[in-house]
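*Asks:* A single structure is presented below for examination.
The values are calculated or read from the model by the stated rules, or taken from the named source; none is laboratory data. Source: prediction; values computed, not measured. Positions of Cβ are generated from backbone atoms using ideal geometry, with glycine treated the same way; all protein chains shown enter the neighbour counts. Protein only, heavy atoms only, side chains kept; ligands, DNA and RNA dropped before computing areas. Shrake-Rupley method; radii C 1.70, N 1.55, O 1.52, S 1.80 Å.
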Amino acid sequence: MSTQPKITVATAWLDGCSGCHMSFLDLDERLIELVEHVEIVYSPLVDTKELPARVDVGILEGSISSEDDLEKARLFRERCTRLVSLGDCAVTGNVPAMRNHFKLADVFDRAYRENVTLQPQIPTRRVPALLTPVKPVHGEVKVDVFVPGCPPSADAIWYVLSELIAGRMPDPNAVTRFGA
Ligand code: SF4
């Protein structure tokens, strides 16, 4: 790890299972070294609720499946110098994009009517509207670094962050692969 000044990092999960963020936490003792080089300014892992106006590195887990995901991806793109697509859902659509093979009405019926015994109903209030089709992050905004894997390993995340901290553009091809 270099002795460069701290970089600011923001992370968010869109339509994902949080597994990619869990892999981030799998850095274990390396997290202690990381905080010497990185300030996490916005993330499900910290309390901050507002994305700062400028961030060095934005990391997005999950695909774009709802209006809320789309809004967040656009905001990250606007405010982050480098945008990282973390994990297969962000890179390809992966599991969330499986619903692209079905009509949205059928998906709703399956999830909220057919498999529910108590008050089956489709939620319409206080939930973000779903978009069709589900897209990978780069389907809506420009992505600078793609990190495949379901989830990407902690070693892959460490490599990517180390390169970005050093001011280099990482090439994760050698340390990642699609799937587990
Ligand atoms: S890539 Fe895998 S681990 Fe990451 S959010 Fe998607 S399903 Fe979860």
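*Asks:* For the chain, give the percent of accessible area contributed by carbon and sulfur heavy atoms, probe 1.4 Å, rounded to a whole number.
*Replies:* Numbers: 5350 of 10070 Å².
Solvent-exposed carbon and sulfur of the chain make up 53 percent of the total.
*Asks:* Also, quick follow-up: Heavy atoms of the protein only, probe of 1.4 Å, neighbouring chains included. What is the accessible area of ARG168 in Å², nearest 10?
*Replies:* Result for ARG168: roughly 130 Å² accessible.
*Asks:* Would you mind getting the Kirkwood hydrodynamic radius of segment 41-109 from its Cα pairs, rounded to one decimal in Å?
*Replies:* 13.4 Å
*Asks:* Given charges of +1 on the Cβ of Lys and Arg and -1 on the Cβ of Asp and Glu, with all other atoms neutral, how large is the dipole of segment 102-180 about its Cα centre, in debye to the nearest 20?
*Replies:* Approximately 340 debye in magnitude.
*Asks:* Here's something else I'd like to know. Which residue, ARG77, ARG113, ARG99, has the most motion in a Gaussian network model of the chain that connects Cα atoms within less than 10 Å?
*Replies:* Residue with maximal mean-square fluctuation among ARG77, ARG113, ARG99: ARG113.
*Asks:* Counting heavy atoms of the protein chains only and a 1.4 Å probe, report the per residue accessible area for the chain as a whole number of Å².
*Replies:* Result: 56 Å² per residue.
*Asks:* Compute the Kirkwood hydrodynamic radius of segment 1-118, taking the inverse of the mean of 1/r over all pairs of distinct Cα atoms, and give it in Å to one decimal.
*Replies:* Taking the inverse mean of 1/r over all distinct Cα pairs, segment 1-118 comes out at 15.9 Å.
*Asks:* Let me ask something else about it. Give the relative contact order (percent, whole number) for segment 7-174; include only Cα pairs under 8 Å separated by 6+ residues.
*Replies:* Once divided by the residue count of segment 7-174, the mean separation gives 27 percent.
*Asks:* Right, something else. For TRP158, TRP13, give the ranking by accessible area with the largest first, probe 1.4 Å.
*Replies:* Sorted descending by solvent-accessible area, the residues read TRP13, TRP158.
*Asks:* Output the peptides 169-179, 120-130, 88-98 sorted from most to least packed, where packing is the average of other Cβ atoms within 10 Å over each peptide's residues.
*Replies:* The peptides rank, most packed first, as 88-98, 169-179, 120-130.
*Asks:* Could you work out how much longer the chain between ASP109 and ARG74 gets when fully extended? Use 0.36 nm per residue separation minus the Cα distance between them, nm to one decimal.
*Replies:* Gain on stretching ASP109 to ARG74: 9.6 nm.
*Asks:* Rounded to the nearest 500, what is the chain's calculated 222 nm mean residue ellipticity when only DSSP H runs of at least 4 contribute -39500 (n - 2.57) each, over all residues?
*Replies:* Computed ellipticity for the chain at 222 nm equals -7000 deg cm²/dmol.
*Asks:* Further, regarding this structure: Quote the FRET efficiency, to the nearest 0.05, computed for LEU31 versus ALA129 with a Förster distance R0 of 41 Å and r equal to the Cβ-Cβ distance. It would help to have the intermediate numbers written out before the result.
*Replies:* Working: r = 36 Å, r/R0 = 0.88.
In this case the efficiency is close to 0.70.
*Asks:* Rank MET169, ALA73, ILE32 by how far each Cα sits towards the positive end of the charge dipole of the chain (+1 on Lys, Arg Cβ; -1 on Asp, Glu Cβ) and give me just the farthest.
*Replies:* The residue sitting most towards the positive pole is ALA73.
*Asks:* Still on this structure, please answer the following. To the nearest 10 degrees, how steep is helix 67-79 against the longest Cα principal axis of the chain, on a 0 to 90 scale?
*Replies:* 20 degrees
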